[in-house]
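Below is one structure, written out as structure tokens, with a few remarks after it.
The values are calculated or read from the model by the stated rules, or taken from the named source; none is laboratory data. Just so we're clear, the structure is a prediction, and the values are computed from it rather than from any experiment. Please note: Cβ atoms are built from the backbone with ideal geometry, for glycine as well, and neighbour counts cover all protein chains shown. Side chains are part of the model used for accessible areas, which takes the heavy atoms of the whole protein and leaves out ligands, DNA and RNA. Shrake-Rupley method; radii C 1.70, N 1.55, O 1.52, S 1.80 Å.
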Amino acid sequence: MKVWLTALVALILMSLGIFHYVSKDAKPKLTAIDAEATLAIDELGDLLVTDDTQVFTVNSKTQHSKLILQTSQPISSVNYTSEHTVVTVYNPEDTKAFKGFYIRDKQSDKFAQYATPQLSPKFSYVYGDLMFVSSAEKTAQKGVDMTKVGIYQLKDHKWVKEWLVPGGVEDVKGVGKDVFFVTSNNAETSSNVYKADLQSGDWGKLIQEARRYPLDQVSIDSNGDVYMMISQRNKTEWSNKIFKFDPQQVPYELTSNFVSNTRPYSYTMSALQGKMLIDRYDVTNNALDIEKPLALLDLKSHKQMQLAWDHRPVDITPLGDQFAVLSEDGTIALVGIDASDKPLREFKIEEITAGKEICGKR
């Protein structure tokens, strides 16, 4: 019996050793790109635009676009910096499908594909060689919903830190080394905005005594001011409202920091140089053809101007001193911070018929 047990233990240890060796030395799957795509990403492009599985680099001045990647699973987020192009993917309908990200470093002629088996990456933000990632799934801990988030080192290809946050992560925005993310209510904890330092790993909530308002969007202005929104997604008396976070007010009270009403529609928002562009996409799909589907909000005067556009906007990104907006049908609009009635100009990417993500190069 002792001999049998010894042999069994030895076999298990050997198997673990082989697994560790294989896991450690497993090579990522590579997707080659041509010289034209390399030039487009590194030198010519200033935007990334996607549908569900295609990624294009776009030059907003020349309106030239180039397909650079086709993914195996639905795209969930994109990042475009001078050093890295990162695309996260997961399939909410197939838990066995690949989940992880594609990464291309500057001057590389290929995308490398890395799996993230511990989470399905929904939102992400890249700063330098560090990437913040939040999971699409919630994990029950003692009957309370939590969501896994983490910081990943893109050069070393390893996790620096992983932890759980209360509720679900609804939105993620970053500025420099700091990332801000909004969580939903769970059974014990109120919706909140958290700030994490990607370099130190320190993190914490901004609202110390939060009430159960269903926050779901966050945006950071050029001066560092933090704005929060309760969008049309949440059907409460607080829907379609924007608030400003005041770090000097302790305890912070959301209702005394009201900025603007966005009724009846609000989907996403992006702040830039004292202005906020609001995407007036109707999540109920009852109003598919809104005459003025964009709104430009002055964050100082709180005056709001609705802008006419013959398309249905799905995403917004800052781009220099203006906003870039992507529509469902693949049209891109450039909106100035002083726009008065409509976007400055627009152009279409013909290959995109179901636009999803747009990201400005940083």
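Enumerate by residue number the GluC sites (Glu not before Pro) in the stretch 332-362 meeting two conditions: DSSP loop (anything except H, G, I, E, B), and at most 14 other Cβ atoms within 10 Å of the site's Cβ. Write down the numbers at each step before the final one.
Working: sites: GLU346, GLU350, GLU351, GLU357; in loops: GLU350, GLU351.
Those that pass, being in a loop and sparsely packed, are GLU350, GLU351.
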For the chain, built as a Gaussian network whose Cα springs stay under 10 Å, the top-fluctuating residue of THR317, THR236, THR57: THR236
The stretch 127-225 - Debye-derived log10 I(q)/I(0), Cα point model, q = 0.10, 0.19, 0.21 Å⁻¹: -0.26, -0.92, -1.09
Rounded if a/c under 1.5, otherwise prolate or oblate - the chain, Cα gyration tensor axes: oblate
Equivalent ellipsoid semi-axes - Cα gyration tensor, the stretch 181-328, angstrom: 26, 18, 15
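Of ASP42, ASP94, which has the most accessible area with a 1.4 Å probe, and how do the rest follow in descending order?
Of ASP42, ASP94, the descending order of accessible area is ASP94, ASP42.
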Tilt relative to the chain, helix 2-25 - C-alpha long axis, 0 to 90 degrees, to 10: 40 degrees
Two-decimal Rg/Rh across the stretch 264-329, once Rg and the Kirkwood Rh are taken from alpha-carbon atoms: 0.95
Residues in the stretch 261-275 that a label on GLN304 would reach, taking backbone N under 14 Å of a point 7 Å out along Cα→Cβ: 261-270
Positive-end residue of PRO92, PHE181, ASN240, charge dipole of the stretch 86-245 with Cβ unit charges: PRO92
Solvent-accessible area of HIS311 with every protein chain in place, 1.4 Å probe, in Å² to the nearest 10: 40 Å²
Relative intensity, log₁₀ I(q)/I(0), of the stretch 36-144 from a Debye sum that treats every alpha carbon as a point, q = 0.09, 0.10 Å⁻¹: -0.25, -0.30
Most mobile of LEU130, LEU39, LEU47 in a GNM of the chain (Cα contacts under 10 Å): LEU39
Long pairs among LYS275/LYS303; LYS29/LYS138; LYS148/LYS356; LYS106/LYS177; LYS148/LYS244, criterion Cα-Cα beyond 18 Å: LYS29/LYS138; LYS148/LYS356; LYS106/LYS177; LYS148/LYS244
Reach of LYS142 by Cα under 27 Å, taken over lysines that are not fewer than 8 positions away in the same chain: LYS96, LYS99, LYS122, LYS161, LYS195, LYS205
